[in-house]
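**Q** Before I ask anything, here is the structure I am working with.
The values are calculated or read from the model by the stated rules, or taken from the named source; none is laboratory data. Keep in mind that what you see is a predicted model, and the values were worked out from it rather than measured. Using ideal geometry, Cβ is built from the backbone for each residue, glycine included, and neighbour counts are taken over all protein chains shown.
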Amino acid sequence: MIDITEGDQNLSTEREGWTSDQPTNALIERDSALYYHQILSTPCLDEIINAEGPYITTRSGRTLLDFHGNSVHQLGFSHPAVIEAIETQMRSLPYCTRRYTNSPAVELATRLVACAPGELRDHARVLLTPSGSAAVGIALKIARACTGRHKTIAFHDSFHGATLDAASLSGQDLFHRGMGPMLPGVHHVDPPGGLMSAEADIEASVEPIEALLDQHDFAAVIAEPIRATTVRVAPAAFWQRVRAACDRNGTLLIFDEIPTGLGRSGMLWASEHTGVTPDLMVIGKGLGGGIFPQAAVVGRAELNDLGPTPVRELALGHYTHEKSPVGSAAALAVLDTLEHEGLVERSSALGQAWRASYAPRLSALPGVVDVRQVGLMLAVELTDPAHADRVMYESLRQGLSFKVGGGTCLILFPPLNVETALLDRATEILIGAIERAADAT
């Protein structure tokens, strides 16, 4: 197996066993023949024929609780409010040509500014994009234009997207292999420790960042406020030091909220756990309701006019589907549903209840070294990557889908409206799978 940290791969021994046990599927064979193969994608696990609520149904006859969902299903799949918003908008205005605007896009920008975190709230501007990677690229362009600098600090083991610019910021060799020179000026530093880090550990994590920033030539620091694929939360003291160093040196702080925003962390934005406000925030994934590809950049309003080349003089990214009325309608339905159903608060309460009920049992299982929870971001860390891979496939056989992150972390991201009984059922499947996979060592 290639050493990776972002997710499970399709080259493992466990995948070979899974594939050999599956019934012949002509569509999967066609998929494999037509698509470029990637170790995180094709050849695929199975064919999905239905996705609704927390469930996916496969052609092979499995109905799975999908606690993976590529982090897009805060509302579950096929949420009726999102479908209705999309269908209604498609009938009235399906597309908006460049140089024009439309009511749903303006309303979405208004809502994003009104609910932005911290000091951005009611003092921000927005750009819409069709993907999270594109949003990351635009945020980087804004930082470069506003500061007149090109260097960026990012973190080892981070992920910010797979386009060349976003992959350059991502601190994983998986997305750099075979690419040749990546984007110049990117400096990767070690990620901070967890919430319980000692003061000396915080100091050790932040000092290299401060030393680089004090050179006065960095445009941005980009980070995930909570590392999505390991559910690690840095102490607020760490972010306060980083924020102060950015302010001292005229560097912009960019938070990548693509997998962690929109209530996933028990707050609307994961950055609210850090105690600081970013200059720019990128969001995506669940913004389109698990149906439509929609992302956005939200940043300080004054960046429109600052710097040697103000943003207003640039062509940052007038994408073909920039101000999509359909994507905007989907996003507005997501924001409405989060508010009306109280899903942000539910994410916090249900996640805490899960931890109280299951962390002691999970921690006592063979091979488990830590259990972490932030909202409905749930992580069970094991000691052995091979054990983690076995647990994932055993769970799939029992009806539960989730992601393996960091090589050893079992990552469960259920929909925020998941029924408590289904979360309990999923956890019991996970516990059983950890035990059986340990016995198979």
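**Q** Are any of the residues in segment 292-312 under 30 Å from Thr88 (Cβ atoms) and among the charged types (D, E, K, R)?
**A** no
**Q** What are the residues in segment 124-139 that are assigned to a helix (DSSP H, G or I) and out of contact with any Pro (no Cβ under 9 Å at 6 or more places or on another chain), if any?
**A** The initial filter retains those residues of segment 124-139 that are assigned to a helix (DSSP H, G or I), namely 132-139.
Within segment 124-139, Ser133, Ala134, Ala135, Val136, Gly137, Ile138, Ala139 qualify.
**Q** OK, next. From (1) at pLDDT 95 or above; (2) more than 21 Å from the chain's Cα centre (by Cα), pick out the condition that doesn't hold for Asp201.
**A** Looking at each condition in turn, Asp201 falls short on (1).
**Q** Taking the criterion of being within 24 Å of the chain's Cα centre (by Cα), of a type in the set (Ser, Thr, Tyr) and either on the phi > 0 side of the Ramachandran plot or assigned to a loop (DSSP other than H, G, I, E, B) (or both), would at least one residue in segment 107-123 satisfy it?
**A** No: segment 107-123 contains no residue that is within 24 Å of the chain's Cα centre (by Cα), of a type in the set (Ser, Thr, Tyr) and either on the phi > 0 side of the Ramachandran plot or assigned to a loop (DSSP other than H, G, I, E, B) (or both).
**Q** Are there any pairs with C-beta distances below 8 angstrom linking a residue in segment 328-354 that is at positive phi and of a type outside the set (Asp, Glu) to a residue that is crowded, with 21+ Cβ neighbours inside 10 Å and in a helix (DSSP H, G or I), with the two at least 6 apart or on different chains, and if so which?
**A** none
Listed here are the residues, each with its yes/no results for (1) within 26 Å of Val233 (Cβ to Cβ); (2) surrounded by fewer than 22 Cβ atoms within 10 Å (Cβ to Cβ); (3) touching a residue at least 40 places away in the same chain (Cβ under 8 Å).
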| position | (1), (2), (3) |
| --- | --- |
| Pro117 | yes, no, yes |
| Leu120 | yes, no, yes |
| Thr129 | no, no, yes |
| Ile138 | no, no, yes |
| Phe159 | yes, no, yes |
| Ala162 | yes, yes, no |
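**Q** Still on this structure, I have one more. Within segment 390-441, can you find the residues that are charged (D, E, K, R) and in a strand (DSSP E or B)? If you could, list the steps in order and put the result at the bottom.
**A** Filtering segment 390-441 down to residues charged (D, E, K, R) leaves 390, 394, 397, 403, 419, 424-425, 428, 435-436, 439.
Result: Lys403, single match.
**Q** If you don't mind, another one. For residues in segment 222-250 being part of a strand (DSSP E or B) and not small (Gly, Ala, Ser), which is nearest to Ala154 (Cα to Cα)?
**A** Keep residues of segment 222-250 that are part of a strand (DSSP E or B), which gives 222-223, 226-227, 232-233.
Adding the requirement that they be not small (Gly, Ala, Ser) leaves 222, 226-227, 232-233.
Details: Ile222: 5, Ile226: 14, Arg227: 13, Arg232: 16, Val233: 16 Å.
Applying the filter and picking the extreme gives Ile222.
**Q** Among residues belonging to segment 249-278 that are of a type in the set (Asp, Glu) and touching a residue at least 60 places away in the same chain (Cβ under 8 Å), point out the one that is surrounded by the fewest Cβ atoms within 10 Å (Cβ to Cβ). Explain how you work it out, then say what you get.
**A** First, the residues of segment 249-278 that are of a type in the set (Asp, Glu): 256-257, 272.
Among the residues that remain, those that are also touching a residue at least 60 places away in the same chain (Cβ under 8 Å) are: 256, 272.
On the way: Asp256: 32, Glu272: 16.
The residue in question is Glu272.
**Q** Quickly run through segment 291-329 and pick out the residues that are part of a helix (DSSP H, G or I) and either among the β-branched types (Val, Ile, Thr) or under 18 Å from Leu280 (Cα atoms) (or both). Give the derivation first.
**A** Of all residues in segment 291-329, those part of a helix (DSSP H, G or I) come to 301-304, 311-313, 325-329.
If the condition is that a residue be part of a helix (DSSP H, G or I) and either among the β-branched types (Val, Ile, Thr) or under 18 Å from Leu280 (Cα atoms) (or both), then Ala301, Glu302, Leu303, Asn304, Val311, Arg312, Val326 are the ones that fit.
**Q** Same structure, new question: It is to be established whether one or more residues within segment 140-153 are outside any loop (DSSP other than H, G, I, E, B) and surrounded by fewer than 15 Cβ atoms within 10 Å (Cβ to Cβ).
**A** In the first step, residues of segment 140-153 are kept if they are outside any loop (DSSP other than H, G, I, E, B); the result is 140-147, 151-153.
Adding the requirement that they be surrounded by fewer than 15 Cβ atoms within 10 Å (Cβ to Cβ) leaves none.
Looking for residues that are outside any loop (DSSP other than H, G, I, E, B) and surrounded by fewer than 15 Cβ atoms within 10 Å (Cβ to Cβ), one finds none in segment 140-153, hence no.
**Q** Of all the residues that make up segment 163-191, how many are under 22 Å from Val231 (Cα atoms), outside any helix (DSSP H, G or I) and modelled with pLDDT of 90 or more?
**A** Selection size over segment 163-191: 5.
**Q** Now for a different question. I'd like the residue in segment 387-438 that is of a type in the set (D, E, K, R) and surrounded by fewer than 20 Cβ atoms within 10 Å (Cβ to Cβ) and, out of all such residues, is farthest from Gln9 (Cα to Cα).
**A** As a first pass, look at segment 387-438 and keep what is of a type in the set (D, E, K, R): 389-390, 394, 397, 403, 419, 424-425, 428, 435-436.
When the remaining residues are screened for being surrounded by fewer than 20 Cβ atoms within 10 Å (Cβ to Cβ), the result is 397, 419, 424-425, 428, 435-436.
Values: Arg397: 17, Glu419: 30, Asp424: 27, Arg425: 26, Glu428: 25, Glu435: 22, Arg436: 21 Å.
Among those residues, the one meeting the criterion is Glu419.
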